[in-house]
Amino acid sequence: MSLLEVERLSKRFGGVVAVDDCSLSIPKGSIIGLIGPNGSGKTTVFNLITGFIPRDAGDMRFKSRSIAGLGPDRIYGLGIGRTFQLARIFPRLTALENMLVPVRRAGMGGLLARAQWGHEKTRAMAMLEFMDIGSVASMLGGALSYGQRKLLELAAVMMAEPELVLLDEPAGGVNPALLERIADHIRRLNAGGVTFLVVEHNMGFVMNLCTELVVLAQGRVIAGGKPEDVRANPVVLDAYLGA
Amino acid sequence: MNAARRFAPRVALLLVAIVAILLPVLEPNPASINVAVFTMMYVGLASAWNIMGGYTGYISLGHAGFFGLGAYTLGLGVAHLGIGPGYGPFALVPLAGLLTGLFALPIGWIALRTRAATFVIVTIAVMFMLQLAAMNLIGLTGGTGGLSLPVPRWSGDFYNTPFYYAMLILASLTIAVSWWIRRSKFGLGLLAIRDDEDKAMAVGVPTRQFKLAAFVISAALVGMIGGVYAYYVTYVYPEFVIDPLTGISMVLMAFLGGLGTLTGPVLGALLVEPAQLSLAYNFGASRLYLVFYSGVFLVVILLLPRGIVPSVRDLTIGWWTRGGPGRAAGPSPGPSTPAPGNVVAP
Ligand SMILES: Nc1ncnc2c1ncn2[C@@H]1O[C@H](COP(=O)(O)OP(=O)(O)O)[C@@H](O)[C@H]1O
Ligand SMILES: [Mg+2]
């Protein structure tokens, strides 16, 4: 069954067609790679799915329910998390506070009550430990290294237990050792039932992490399938070389 | 050492509370109590302003408008309900807060569609619109002639004391609300909005509702304080109760003490207001204190850009931990993060 269904999605910015009649189907439990040359519209697809920018045409359904027109906070509340291409965390909050910001479902009662704080803090610490950054819990976000921010961002997104997580270049600007750790975290979270849609330039990373790939060029889906097939596909090679 | 760190703030708080409560006994001179009334008023105002401006980072320069709304609510309420002088008018203070909060709701709904500099301008515009309305709705407000309130028949020595306690109660209420917000998930959401609003949305923070709630709470508290002020001075003139300088003073005090901290605005008010009043008394009605304000602003911006409380906290934490890593060791926020701005991608 498809967890997320994107149907004939389009978006233009002035004269630029960023996303053009794009359809995607993300099966539950998968790790799908979304690849394509620079400027092919990958980030824009993420921004459309998560409600950051309005679509021009098309529809998006999460668990068979249309999420088109909902704001980012609602979409996160429904169970779709995301990270940003350049890791974004809250610089003036501590790492632990960063973990406590995510709101699962907006209900005023839960926000004002302090009863669950203890429980939530325990979960946040456990998640930080899981990501191997438990030692920086009391440090300000702004004082963390870029790699630590990447891990913190992913850890925080997981706090509301999203079913689908969109990762925008998780390997970007990260050293090879950390890269392997990030891939490992994603695999373990996936084994725990979380579905991933991953945008990534690093082909090695994508090839050994993803079960399936979708290739975007100039906003259009030009190919898809098993990683090894996609790699051998001449249309894909053309798109990368021609870009 | 750890115990000292934990209990020192509580002991300090207790001492401050005792001094604040006993002040009219310790220093019964009416002139001193008058200074204390205004100082406590600004402790409340700066703390209330900080709930919006400090926690969310949305700088309102128009909170004087809410101060005026509260003042008018009290003045009109007393007149229309025929409440005589004495303690009766104080009963209308919660109403002043309620009505000001209700008023702030649509204002915030509109103003909070904008961000950063535009928001600042909108708040100033709203304040001047309220002032214009107060001047021109003569049937309701008495126009520029103002409204007068009944004068309590308390003795000269005692006269200021009830107002001092009213201001003390409101300041305490404001600090308590601010403390509670700072420790709640709601407050954490406000701080997240201050740091990166789009990112906050991406992790489920209902930013629109949170900002509006903070705005309304902040305005309602300011409105209540405006109500007590109106009764204290027994006159409500549009230029006095909706004075842009009142709004700027709150901001200055919060900035000086430490924006977004609980104790910063309190400290800022305790330092600035008595100094400002003594200037006003010693140099007559001249607007010399404006020079003083500008001077304080410059000092804050040049020497203590984050305010007194965060700077001192960093120093003491550095001393406690002998320079070890910790919260204090972090670089000042901002430059190390890739442009938050209002652009979504990349
Ligand atoms: N907010 C925006 N305003 C205008 N043009 C944009 C905006 N976001 C993306 N674009 C354009 O849309 C196209 C796709 O960009 P993007 O989705 O960031 O590509 P990718 O993530 O695949 O590198 C590019 O041509 C880019 O310049
Ligand atoms: Mg991109």
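The values are calculated or read from the model by the stated rules, or taken from the named source; none is laboratory data. Computed from a predicted model, the values in this text were never measured in an experiment. Because the Cβ atoms are built from the backbone with ideal geometry, glycine has one as well, and the counts that use them run over all protein chains shown.
Screening B:SER60 with (1) of a type outside the set (Phe, Trp, Tyr); (2) crowded, with 24+ Cβ neighbours inside 10 Å; (3) in a helix (DSSP H, G or I) gives one miss only, at (3).
Quick grid of which residues meet (1) among the small types (Gly, Ala, Ser); (2) at pLDDT below 70; (3) more than 16 Å from ligand 2 (Cβ to nearest atom); (4) closer than 23 Å to B:MET40 by Cβ:
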position: B:GLY260; (1), (2), (3), (4): yes, no, yes, yes
position: B:LEU270; (1), (2), (3), (4): no, no, yes, yes
position: B:ALA275; (1), (2), (3), (4): yes, no, yes, yes
position: B:LEU279; (1), (2), (3), (4): no, no, yes, yes
position: B:LEU315; (1), (2), (3), (4): no, no, yes, no
position: B:TRP320; (1), (2), (3), (4): no, yes, yes, no
position: B:VAL344; (1), (2), (3), (4): no, yes, no, no
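Scanning segment A:161-186 for residues that are in a helix (DSSP H, G or I) and either without any contact (Cβ under 8 Å) to a residue 40 or more places away in the chain or crowded, with 20+ Cβ neighbours inside 10 Å (or both) gives A:PRO176, A:ALA177, A:LEU178, A:LEU179, A:GLU180, A:ILE182, A:ALA183, A:ASP184, A:ILE186.
For A:LEU216, state whether it is within 16 Å of A:LEU93 (Cα to Cα) and surrounded by 23 or more Cβ atoms within 10 Å (Cβ to Cβ). If you could, list the steps in order and put the result at the bottom.
Values: within 16 Å of A:LEU93 (Cα to Cα): no; surrounded by 23 or more Cβ atoms within 10 Å (Cβ to Cβ): yes.
So A:LEU216 fails the test.
A:GLY172 meets all of the listed conditions (1) in contact with a Lys or Arg (Cβ under 6 Å, 6 or more places away or on another chain); (2) within 16 Å of ligand 2 (Cβ to nearest atom) but one, namely (1). Residues in segment B:172-209 that are among the hydroxyl-bearing types (Ser, Thr, Tyr) and more than 16 Å from the chain's Cα centre (by Cα): B:SER184, B:THR207. Residues in segment A:69-82 that are surrounded by fewer than 23 Cβ atoms within 10 Å (Cβ to Cβ) and within 13 Å of A:ASN47 (Cβ to Cβ): A:GLY71 only.
Contact map, segment B:201-222: residues that are within 14 Å of chain A (Cβ to nearest Cβ) and over 29 Å from B:ASP243 (Cα atoms) paired with residues that are part of a loop (DSSP other than H, G, I, E, B) and polar (S, T, N, Q), Cβ distance under 8 Å, separation 6+ or inter-chain. Pairs shown: B:ALA202/A:THR50.
For the residues A:ILE89, A:ILE75, A:ILE80, the requirement of being more than 13 Å from ligand 2 (Cβ to nearest atom), more than 8 Å from every other protein chain (Cβ to nearest Cβ) and under 18 Å from B:ILE193 (Cβ atoms) singles out A:ILE75. The set of residues in segment B:199-216 being in a helix (DSSP H, G or I) and not hydrophobic (A, V, I, L, M, F, W, C) consists of B:LYS199, B:THR207, B:ARG208, B:GLN209, B:LYS211. Against the list (1) under 22 Å from B:ALA192 (Cα atoms); (2) within 16 Å of ligand 1 (Cβ to nearest atom); (3) out of contact with any helix residue (DSSP H, G or I) (no Cβ under 8 Å at 6 or more places or on another chain), the condition A:LEU167 fails is (3). Which residue out of A:LEU216, A:LEU197 is within 16 Å of ligand 2 (Cβ to nearest atom) and in contact with a Gly (Cβ under 6 Å, 6 or more places away or on another chain)? On inspection, the qualifying residue turns out to be A:LEU216.
Every residue in segment A:1-50 that is aromatic (Phe, Trp, Tyr) and closer than 20 Å to A:ILE75 by Cα, please. If you could, list the steps in order and put the result at the bottom.
Taking segment A:1-50 and keeping what is aromatic (Phe, Trp, Tyr), we get A:13, A:46.
Passing the criteria: only A:PHE46.
For the criterion of being within 12 Å of ligand 1 (Cβ to nearest atom) and either within 17 Å of the chain's Cα centre (by Cα) or in contact (Cβ under 8 Å) with a residue 12 or more places away in the chain (or both), A:GLY15 fails.
Among the residues of segment A:202-212, is any on the phi > 0 side of the Ramachandran plot and either more than 16 Å from ligand 2 (Cβ to nearest atom) or at pLDDT 95 or above (or both)? For segment A:202-212, residues on the phi > 0 side of the Ramachandran plot and either more than 16 Å from ligand 2 (Cβ to nearest atom) or at pLDDT 95 or above (or both): absent. When the helices (runs of 4 or more DSSP H) confined to segment A:190-243 are screened for residues that are within 14 Å of chain B (Cβ to nearest Cβ) and away from ligand 1 (no atom under 16 Å from the Cβ), none reaches at least 2 such residues.
A single member of B:LEU26, B:LEU81 is farther than 17 Å from B:ILE242 by Cβ and loosely packed, with under 12 Cβ neighbours inside 10 Å, and it is B:LEU26.
Among the residues of segment B:63-77, just one is surrounded by fewer than 24 Cβ atoms within 10 Å (Cβ to Cβ) and either not small (Gly, Ala, Ser) or not in a helix (DSSP H, G or I) (or both), namely B:LEU76. Can you tell me which residues in segment A:21-45 are out of contact with any Cys (no Cβ under 7 Å at 6 or more places or on another chain), closer than 25 Å to B:LYS199 by Cβ and either among the hydroxyl-bearing types (Ser, Thr, Tyr) or more than 16 Å from ligand 1 (Cβ to nearest atom) (or both)? Hits for segment A:21-45 are A:ILE26, A:SER40, A:THR43, A:THR44.
For the criterion of being crowded, with 22+ Cβ neighbours inside 10 Å and either basic (Lys, Arg) or more than 16 Å from ligand 1 (Cβ to nearest atom) (or both), A:LEU48 fails.
Against the condition modelled with pLDDT of 95 or more and more than 22 Å from B:ALA104 (Cα to Cα), how does B:ASP196 come out, does it pass? Taking the combined requirement at face value, the residue satisfies it. In summary, helices (runs of 4 or more DSSP H) completely within segment B:90-156 and bearing 2 or more residues that are on the phi < 0 side of the Ramachandran plot and modelled with pLDDT of 90 or more occur at B:93-111, B:116-136. Close Cβ contacts (under 9 Å, 6 or more residues apart or on different chains) running from residues in segment A:20-42 that are of a type in the set (S, T, N, Q) to residues that are more than 16 Å from ligand 2 (Cβ to nearest atom) and part of a loop (DSSP other than H, G, I, E, B) comprise A:SER30/A:CYS210; A:SER30/A:THR211. In this structure, A:GLY110 does not qualify as at pLDDT below 95 and buried (at least 18 other Cβ atoms within 10 Å of the Cβ). Of everything in segment A:36-65 that is within 9 Å of ligand 2 (Cβ to nearest atom) and assigned to a loop (DSSP other than H, G, I, E, B), the residue that is farthest from the other protein chains (Cβ to nearest Cβ) is A:SER40. For the criterion of being surrounded by fewer than 22 Cβ atoms within 10 Å (Cβ to Cβ), within 14 Å of chain B (Cβ to nearest Cβ) and at positive phi, A:GLY29 fails.
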